[in-house]
Amino acid sequence: MKFRGRISNFISSAAVGRREIETHSSEETIARGREIGAGLKPPVLVLLSGDLGAGKTTLTKGIAAGAGAAREDDVTSPTFTLVHKYEGAKRVYHVDLYRVGDFHDLETLGLEDIFSENAIVIVEWPDRLKLRTDWPVLRIDLEHVSEDVRRIVIDDAEKSPSRN
Ligand code: ADP
Ligand code: MG
C-alpha cells in the first residue's frame, strides 16, 4: 500500500492510527523522515524497530532534519556512543540500544534525564530495555523488502490520552 495524504502534524492532530508506506531508495526514506520530523511536537518518543540495515538510522536523518535539529549528513549512527544530541529549532536525541546488554535501564546508561527535557527522543532497538515514560509514543517499524525497498509502518495509536 502506498502512503497517500498528509503525514505532517499527525502527532498534534487526532490519532490517525496506523500508516504504511513503501520507499524505494534511502533518499525517499529520508524524505519521509523529514515529513515525520516536521510534524513532531516535543515531547515525543519515537521507537524505531527493524533489523540491521532496515533503515532506522536513515529515517532518523530525515526526522532530525525535518525537525530542524540537524542537517541529514550530520546524523550518524550512535551505535557505539549510545546517544547523539542534535540541537536546532527542536532538540533531538538519537539513541541506539543495539549494543546494550541485559540488565540495563536508563539510569545505568546515564540516560535518566533524557525524558526531563522537552525533546524528540528517537530510539533504535527500543526492545532492548524498558522505557518508562508518559510521553506520547510514535512507533515505527521498518522492514527490508528487497535491496532498495523498505516497508515502513507508522503507528501513533499509543499517544498519551492526556495529550489529545
Ligand atoms: P539501520 O539503522 O536500521 O541498521 P541504516 O539506516 O543504518 O539501517 O542502513 C540502511 C541501509 O540500507 C543503508 O545502507 C541505505 O543506504 C540502504 N537502503 C537501501 N534502500 C533503502 C531504503 N529504501 N530506505 C532506507 N535505507 C535504504
Ligand atoms: Mg542504525
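A short reminder: the numbers here are calculations on the coordinates, not readings from a lab. No experiment lies behind these values; they were computed from the predicted model shown. Here Cβ is always computed from backbone atoms with ideal geometry, including for glycine, and neighbour counts include all displayed protein chains.
Restricting attention to the range 98-115, does a residue exist that is surrounded by 18 or more Cβ atoms within 10 Å (Cβ to Cβ), β-branched (Val, Ile, Thr) and within 22 Å of residue 54 (Cβ to Cβ)? There is no residue in the range 98-115 that is surrounded by 18 or more Cβ atoms within 10 Å (Cβ to Cβ), β-branched (Val, Ile, Thr) and within 22 Å of residue 54 (Cβ to Cβ).
With the structure loaded, tell me whether residue 135 is closer than 23 Å to residue 22 by Cβ and of a type in the set (Phe, Trp, Tyr) or whether it fails that test. Considered against the rule, which asks whether it is closer than 23 Å to residue 22 by Cβ and of a type in the set (Phe, Trp, Tyr), residue 135 comes out as no.
Scanning the range 53-75 for residues that are within 15 Å of ligand 1 (Cβ to nearest atom), in contact (Cβ under 8 Å) with a residue 40 or more places away in the chain and not hydroxyl-bearing (Ser, Thr, Tyr) yields a total of 8. Restricting attention to the range 31-62 and to residues that are more than 11 Å from ligand 2 (Cβ to nearest atom) and β-branched (Val, Ile, Thr), the residue that is surrounded by the most Cβ atoms within 10 Å (Cβ to Cβ) turns out to be 46.
Considering the range 106-156, the qualifying strands (runs of 3 or more DSSP E), each wholly inside and each with 3 or more residues that are within 11 Å of ligand 1 (Cβ to nearest atom) and either over 28 Å from residue 27 (Cβ atoms) or of a type outside the set (Asp, Glu) (or both), run over 137-146, 149-155.
All conditions but one from (1) over 22 Å from residue 141 (Cβ atoms); (2) in contact with a helix residue (DSSP H, G or I) (Cβ under 8 Å, 6 or more places away or on another chain); (3) away from ligand 1 (no atom under 14 Å from the Cβ); (4) not hydroxyl-bearing (Ser, Thr, Tyr) apply to residue 89; the one that does not is (2).
For the range 18-26, the criterion of being farther than 19 Å from residue 137 by Cβ, among the polar types (S, T, N, Q) and in a strand (DSSP E or B) is met by at least one residue. So is residue 41 of a type in the set (Lys, Arg), more than 8 Å from ligand 1 (Cβ to nearest atom) and within 17 Å of residue 124 (Cα to Cα) or not? No, not satisfied.
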